[in-house]
Each structure stands twice: as structure tokens, then as C-alpha cells.
Amino acid sequence: MAPAGGWPTDMPHSISDVRGRVALITGAGSAEGIGFATARLLYLAGASVVLTSTTNRIFERQRELDPEGVRCMAHVADLTHPEQVAELVEAVIQRYGRIDILVNNAGMSQTGQETPPAQLFHQIPFAQWQRDIDLNLNTCVHVSQAVLPHMLAAGFGRVVNIASVTGPLVTFPGTAAYSAAKSAMVGLTRAIAHEVAGQGITVNAVAPGWIATRSSAPEELEAARQTPVGRPGTPEEIARVALFLASPGCSYLTGQMLVADGGNSLQEIKG
């Protein structure tokens with residue numbers, strides 16, 4: 001096996017056997033992001049994967065994983081619009097006949113859309129508040145509502161919501177909308193898990209801390225160096241948590257939030 005943070009050279013199927021499963025991963029457009037890292041690991045573990053983002057770069061990700069397009073499908077959709085979500089899910093069902101695994105990773109920002117500067121809660125225009133909630137919560141809502149009926153009909157499903165420690169555990173000025181959305185995502189995770197428990201479906205959340213991606217700001221990487229492990233996490237390390245939650249063997253863990261932050265939320269004094 002490769003060292004921590006690197007790609008494995010083999011994949012023991014007894015640990016995470018997703019061969020023959022169909023996985024839909026949202027927000028997978030960035031080559032260096034958590035979404036694509038999760039898609040790649042699921043693909044290496046034997047699943048057929050469906051990648052989606054808001055731009056055509058998603059087809060580049062598809063070619064990186066599977067140039068022949070046998071076990072990888074790409075679809076462009078703005079998941080803040082329910083009608084585009086419905087078209088996405090219908091396309092997956094038409095091709096593969098089912099969706100076994102859903103990883104709700106879309107959020108933060110959209111390529112081609114200007115990210116407004118951080119503002120304190122009392123300064124945020126409501127339209128911007130609503131936009132942040134749409135991106136970071138309602139994308140998960142729309143896709144989950146469209147996919148769950150197919151999982152219920154099949155009697156099997158794994159839903160993995162990529163939340164954050166920001167909101168459920170910690171926060172900082174200028175992140176009120178994001179914090180609210182991610183806290184709500186964790187509450188939604190628990191509510192759905194309760195509703196579908198006993199029907200072969202588990203619903204869990206991953207709460208990453210400081211993760212090094214192309215969009216990481218210098219101050220974020222510096223904050224990551226103050227974690228107990230002394231570095232930021234990698235997208236691949238979050239992907240491994242998602243793979244565990246997506247595996248058929250993870251059948252008695254549901255409605256939970258797994259924190260992957262290098263122990264940062266444990267420490268009272270930082271830096």
C-alpha cells in the first residue's frame with residue numbers, strides 16, 4: 001500500500017468491496033478536489049462512477065479515470081436547479097439502471113461564478129445568503145431527494161454527505177451562511193438516516209478540517225500547520241473515509257458525522 005495521503009497500489013476487496021456498484025459523486029470537477037479524489041478511489045475499488053459538475057471540465061475528469069468511458073460517465077448540471085438534478089438522475093438510471101452510492105460533495109463555489117468577499121452576518125445581503133445556502137445545502141437536498149426513491153426500491157444505498165467542521169463544531173467570522181448550511185447538512189443526515197433505517201440504506205456525513213486543495217488560501221494552509229498532526233489533510237484522506245462509509249460492509253453505522261481534521265477540534269490552544 002502507498003503511504004498516508006498517496007494512492008494505493010492495490011485494493012483489498014475484503015475491506016471495501018464496491019465492485020459492480022454504481023456511484024454518483026457531485027462536485028467532482030476539480031482535479032485536486034475531494035470530489036474527484038473520492039470518485040477515483042471508488043473507481044479503483046471497482047465501482048462504476050458518475051461525475052458531475054457545472055462545467056465541461058467534468059469530461060476531462062472522466063477521460064482521466066476511464067478514457068473508454070466504460071465505467072465512468074460525466075454529466076454537466078447545476079444542482080441548485082431541481083430540474084437539472086432530475087435530468088442527471090434519469091441519465092444515470094438510463095445507463096446503469098440504479099444508483100447504489102451517492103456522495104454529496106458539491107458546494108463552496110462554482111467555476112465561472114465570482115465568489116463574493118466574506119462578510120459578517122449582519123452585512124450579508126439576503127440574496128447572497130440564499131445563494132450560499134443553495135450551493136452548500138440545497139444541492140445535497142435536491143440530489144438526495146431524486147436518488148433516494150431508487151435506493152429504496154432496490155433495498156440498498158449508501159449516502160455520504162461531505163459536510164465540514166465549520167458549522168457543526170467550529171466557525172470563524174465571515175462564514176455564517178456556510179456554517180449554517182453545513183450544520184444543517186449534518187442535521188439532515190441524521191433525519192434521513194432515521195427515516196430510511198432498516199431499509200438497507202445508511203446515511204452519514206464526513207466533516208473535513210483544513211484540506212489542501214488548489215483553492216486553499218495561504219492563511220488556511222498556515223492554520224492547518226497548527227493542527228496536532230502539523231499539516232493539512234489531503235483530498236485522498238477524506239476520500240478514504242468516504243469509501244469506508246460507502247462500502248457494503250459499513251451497514252451498522254448510520255446517522256453519524258465522522259470528523260477528519262487532524263485532531264484540530266480537540267485542542268483548546270491553537271498556534
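The values are calculated or read from the model by the stated rules, or taken from the named source; none is laboratory data. As the structure is a computational prediction, the values presented were derived from the model and not from experiment. All Cβ positions, even for glycine, are placed from backbone atoms using ideal geometry, and neighbour counts span all protein chains on display. Please note that ligands, DNA and RNA were not included when accessible areas were found on the heavy atoms of the full protein model with its side chains. Shrake-Rupley method; radii C 1.70, N 1.55, O 1.52, S 1.80 Å.
Sites listed here are chymotrypsin sites (Phe, Trp or Tyr not before Pro) in region 67-126 whose DSSP assignment is loop and whose Cβ has at most 13 other Cβ atoms within 10 Å, and the list is empty. Net charge near Cys250: determine it from the other residues with C-beta under 13 Å of the C-beta of Cys250, scoring Lys and Arg +1 and Asp and Glu -1. Neighbourhood net charge equals +1. Sparsely packed loop sites in region 174-271 (the GluC sites (Glu not before Pro) outside DSSP H, G, I, E and B with at most 14 other Cβ atoms within 10 Å) comprise Glu268. Using the Cβ of Gly174 as centre and a radius below 13 Å, the other residues enclosed give a net charge of -3, where K and R count +1 and D and E count -1.
Inter-label distance, Phe172 to Glu32: 1.8 nm, where each label sits 7 Å from its Cα along the C-beta direction.
Overall, the chain carries a charge dipole of about 380 debye about its Cα centre when +1 sits on the Cβ of Lys and Arg and -1 on the Cβ of Asp and Glu, all other atoms neutral. The GluC sites (Glu not before Pro) of region 49-140 that meet both conditions, a loop assignment by DSSP and at most 10 other Cβ atoms within 10 Å of the site Cβ, are Glu68, Glu114.
Percent relative contact order of the chain, based on C-alpha pairs within less than 8 angstrom and at least six residues apart? Relative contact order comes out at 20 percent.
Across all Cα pairs in the chain, the calculated P(r) in 5 Å bins from zero up to the longest distance comes to 1, 6, 13, 18, 21, 18, 13, 7, 3, 1, 0 percent per bin. Ranking Gln199, Ile99, Ala118 by how far each Cα lies toward the positive end of the dipole of the chain (charges on Cβ) leaves Gln199 at the top. Summing Lys and Arg as +1 and Asp and Glu as -1 over all other residues whose Cβ lies under 10 Å from the Cβ of Ser164 gives a net charge of 0. The order of the peptides 249-255, 261-267 by mean Cβ neighbours within 10 Å, most packed first, is 261-267, 249-255.
The figure for Val186 is an accessible area of roughly 10 square angstrom, using a 1.4 Å probe on the protein chains alone. With a Förster radius of 35 Å applied to the C-beta separation of Gln145 and Arg214, the computed FRET efficiency comes to 0.70. Going through the DSSP H helices of the chain, which span 27 Å or more along their own axis at the Cα atoms while scoring at least 0.5 as a mean Kyte-Doolittle hydropathy? Membrane-span-like by this rule: 176-196. Net length available on complete extension from Arg231 to Val76 is 52.4 nm, with 0.36 nm assigned per residue and the Cα-Cα distance removed. Subtracting the Cα-Cα distance of His194 and Gln267 from 0.36 nm times their residue separation leaves 23.1 nm of extension gain.
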